[in-house]
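Single-structure report; data block below.
FYI, it's all coordinate maths here, none of it is from the lab. It should be emphasised that the depicted structure is a prediction, and the values quoted were computed from it without experimental measurement. Quick reminder, even Gly has a Cβ in these numbers, built from the backbone with ideal geometry, and neighbours come from all protein chains shown.
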Amino acid sequence: MDVGNERSAEGPSATAEEGMAGAAERAGRSAYADPPLMLKAPRVGQPGRFKWLFAAVWLFYLVDPVAKVSRSDHSPGFKWLIYGLVTVFVLVYAWLAYSVYPKSGPIGVVNEAPRAVVPTLAIMAALAFVTSVWVDSDLAGMWVYVGAGAGLGLTMRDGTAARGVFAALGLMTVCVLLSADLRSVSTWLTLAFPIFFAGMSTLGIRQMAALIGELREARNQVAHLAANEERLRLARDLHDLTGHSLATITLKAELAQRMLAKARDAAPEGPTPRLDAALTEVGEIEQVSRQTLTDIRQAVSGYRRATLAVEVASAHLALDAAGIKLDASPDVAAATEEFDARSESALAWCLREAVTNAIRHSAAEHVHITLVRSGDEMVLTVRNDGRGLAATVGDTDSCGGHGLTGLRERLDEVGGRLSVGGNDGDFRLVAAAPVKGVAG
């Protein structure tokens, strides 16, 4: 009897030591398997207070015409008229560059043209037309700025900026045909090439800056995913290194309690205060080990909380395997750790469940995911083009609740809300959660 008990006590200890050794070895390997990311954000494409002065690089096209005016035989009044027109034109062009170039934000390039861009370009075109046709043909170089302004300020959607550059070329061609001093092929080529290259190169730089901004967002997503992977690794190692050992300690404490109780009951001399004290101490050891094991499991659960970056990455893999195309806004993954952690976790669960139901029930071909800030809330929208509400929402969900009830309970805990609806071909799940969370 005693021998058996001794063997049963030694067995788990040996297993625990082997488990700890194996976990330590795996932890050591994982610590060196993935080196930390040492990425430095590129300066190109970042906003700045003075980067709008880049547009001033084209000002040299006005230096020679203005110098010719100063050396010409025109009357002083006519010269001052030319100087005034040139000054107004330069100020309008500088204001255009200043107004459209971002001073802050994630990307140092304008993606959507402000409303004033088109009227400003119209004023510049009118000044260039009047000056080059009726005032001084040598100032036809103003059209270079109109082309550069179109490439700089107009939206890049649907080729609008490129069409603006070609419109400047067309208007310059009209000026060449109307002005006797400009009406020649060589003059047209002399103006056409700078207008085209100034406008298209400015547009190309905008596109490059936008691409760098997107790469920066992707780099942030990679960093978020790497941080989440590190959390998962720490959670696994914490569980492997301590969980099994604490469980073994708890079992040994229970075994010791039973052995001491039997020894106390079998004692011939009656009450045994020392055995009672030993039973109390062993009972406390069991309680402490159980509480520590519970605390570790709670810590591991906290490390493994759902995040939007992880869920978007998982959605890509799951939907791709199901043959469903995913269109996810970069803002979804980039928002990880940018607002309240509990709110993010609730939205991440909604995203996970929406993707799961889309795969299981909707027969969709496309899934669209967006995340926007609306006042004090972050609003997650998941749309698919499959079957509607009755087919898409399952009876139970992977959150541990029943259908939408489980998601609503998670959102209610953080002060959020849930809305679903839509017919076949346009089913939507919209979940909102507060940015700052609610008091616990």
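Annotation: amide H of Met378 within the under-5 Å range of Ala433, Val435, sequence separation 5 or more or interchain, hydrogens built in the peptide plane.
Think of the range 113-185 as having a plus end and a minus end, set by charges on the Cβ of Lys, Arg, Asp and Glu; of Leu154, Thr131, Leu169, Leu154 sits farthest toward the positive end of this dipole. Sorting the segments 218-227, 320-329 by their residues' average number of neighbouring beta-carbon atoms within 10 angstrom, most packed first, yields 218-227, 320-329.
Protection proxy ranking of 380-387, 311-318, 177-184, 252-259, by the mean of other Cβ atoms within 10 Å over each peptide's residues and highest first, is 380-387, 311-318, 252-259, 177-184. Converting phi to 3J(HN,Hα) with the Karplus coefficients 6.51, -1.76 and 1.60 and the offset θ = phi - 60°, the range 325-330 yields 7, 10, 10, 10, 5, x Hz in sequence order, with x at every glycine or proline.
Between Ala277 and His74, the modelled label-to-label distance comes to 11.1 nm, taking each label 7 Å out from Cα in the direction of the beta carbon. Label separation (Trp134 vs Ser419): 5.6 nm, computed from points 7 Å beyond Cα along the C-beta direction. For the range 198-207, 3J(HN,Hα) computed residue by residue from phi via the Karplus equation (6.51, -1.76, 1.60; θ = phi - 60°) reads 5, x, 6, 5, 4, 5, x, 5, 4, 5 Hz, glycine and proline entered as x. Among residues other than Gly323 with Cβ under 14 Å from its Cβ, the summed charge is -1 (Lys and Arg +1, Asp and Glu -1).
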